[in-house]
Amino acid sequence: MAKEDHIEMLGTVIDTLPNTMFRVELENGHIVTAHISGRMRKNYIRILTGDKVKVELTPYDLTKGRIIFRDKG
């Protein structure tokens, strides 16, 4: 799938799940389950509850996503 097919949204991590999965509340109020992207895993970027993140969603399943960026704020 091409990169243009993904939907990027901002959200807040509300819960940490096993196997580096996170529950993220998006700005529009929806809650999705997201995992860390490979680059974030490779560079040991830590994500904690309350962090602002950018989530990449696929149009086929809007309940699952990939965390691609953690905001510094």
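The values are calculated or read from the model by the stated rules, or taken from the named source; none is laboratory data. Fair warning: this is a prediction, and the values are worked out from it, not measured in the lab. A quick note on method: Cβ atoms are made from the backbone with ideal geometry, for glycine too, and the neighbour counts reach across all protein chains shown.
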Inset, instruction - Can you run down the residue pairs with Cβ atoms below 7 Å, 6 or more apart or on separate chains, where the first is in the range 32-52 and more than 12 Å from LYS72 (Cα to Cα) and the partner is at pLDDT below 95 and among the polar types (S, T, N, Q)? - result: HIS35/THR20; ILE36/THR20
Inset, instruction - Kindly list, by first and then second residue, each pair from a residue in the range 1-27 that is under 17 Å from LYS52 (Cα atoms) and surrounded by 15 or more Cβ atoms within 10 Å (Cβ to Cβ) to a residue that is among the aromatic types (Phe, Trp, Tyr) and modelled with pLDDT of 95 or more, limited to pairs with Cβ atoms under 6 Å and residues at least 6 apart or on different chains. - result: VAL13/PHE22
Legend entry - Count - residues of the range 47-73 that are at pLDDT 95 or above and not aliphatic (A, V, I, L, M): 12
Inset, instruction - Select from the range 55-70 the residues that are touching a residue at least 24 places away in the same chain (Cβ under 8 Å) and surrounded by fewer than 16 Cβ atoms within 10 Å (Cβ to Cβ) and write down the one among them that is nearest to HIS6 (Cα to Cα). - result: THR58
Inset, instruction - State whether one or more residues within the range 49-67 are assigned to a loop (DSSP other than H, G, I, E, B) and of a type in the set (A, V, I, L, M). - result: no
Legend entry - Meets criteria (modelled with pLDDT of 95 or more and crowded, with 16+ Cβ neighbours inside 10 Å) for ILE36: yes
